[in-house]
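The values are calculated or read from the model by the stated rules, or taken from the named source; none is laboratory data. What you see is a predicted model, and the numbers here were worked out from it, not measured in a lab. Glycine also receives a Cβ, built like all others from the backbone with ideal geometry; neighbour counts cover every protein chain displayed.
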Amino acid sequence: MKKVYFISDIHLGFGSKEEDLKRENLFVTFLDEIKHDCSDLYIVGDLFDFWFEYRRVVPKGHFLTLAKLYEFEKNNIKIHYLIGNHDCLLRDYFEKEIGMKIYWESIETKIFEKKFFIHHGDGLSNNDTGYKILKKILRNKTNQFLFSLIHPDLGIWLGTYSSKKSRVYTSKKDYGNKDALYLFAQKKIRAGFDFVIMGHIHKLLMTNIDSGTYINLGDWIKHYSYGSFDGVNFSLKQVSL
């Protein structure tokens, strides 16, 4: 039986080289294990800890991950990539070179006849005011153009450094049990969605709300987690370390 898989906040590039290599190897192994029964893979933001795509230059590294995702597409496994807050600028590299479908805001779709609402989760939390302002700055076309004028070696270094600082800061936040993401999910479920899936806060959570289910996918820094749906049951699991 085919399944649909969901992952979020892998943050390749975060941490030391040894930690990052371990994360990538685990991720590629996970992709190998699910490719036999996976029909669609939803990456719900922040595959990389920092991604800024120049017109002719992309960040160096993580070839194994990109090659494995390319293999997915060549085997007719659809990859859906929802932009996260660490995805500062995507152009057409993922679409043209790998075949991913890119989403800029949220995804509303039917999977096995169930209604799914999928959102990275950035900008929804009560204490994300600073990020809401930063998001407008980072997504501004003029600002992106000006940043693209910086030499890639310097620009990618600056972006990577800032992303690591941001990750450390965010990891110390206490979002609470009923943060705005929970309330947002409740609103969407009451509007008719069966499942609301998010990431961003790196919290592993699956809870029933009224007649639906809210899932936060966790991350691949602490939880190494993923979700899957077979048309009847949604499972939230962690890979074996």
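Quick notes on this structure:
Yes/no per residue for (1) under 28 Å from F30 (Cα atoms); (2) modelled with pLDDT of 95 or more; (3) charged (D, E, K, R); (4) touching an Asp or Glu at 6+ places or on another chain (Cβ under 9 Å):
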| residue | (1), (2), (3), (4) |
| --- | --- |
| L183 | no, no, no, no |
| V196 | yes, yes, no, no |
| T213 | yes, yes, no, yes |
| N216 | yes, yes, no, no |
| Q238 | yes, yes, no, no |
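- Any hit, segment 12-28, residues being surrounded by 14 or more Cβ atoms within 10 Å (Cβ to Cβ), touching a strand residue (DSSP E or B) at 6+ places or on another chain (Cβ under 7 Å) and outside any helix (DSSP H, G or I): yes
- Note on segment 180-204: residues that are surrounded by fewer than 19 Cβ atoms within 10 Å (Cβ to Cβ) and either free of Cβ contacts under 8 Å to residues at least 24 places away in the same chain or at positive phi (or both) total 5.
- Output for segment 102-113, where each listed residue is of a type outside the set (A, V, I, L, M) and modelled with pLDDT of 95 or more: E108, T109, K110, F112, E113
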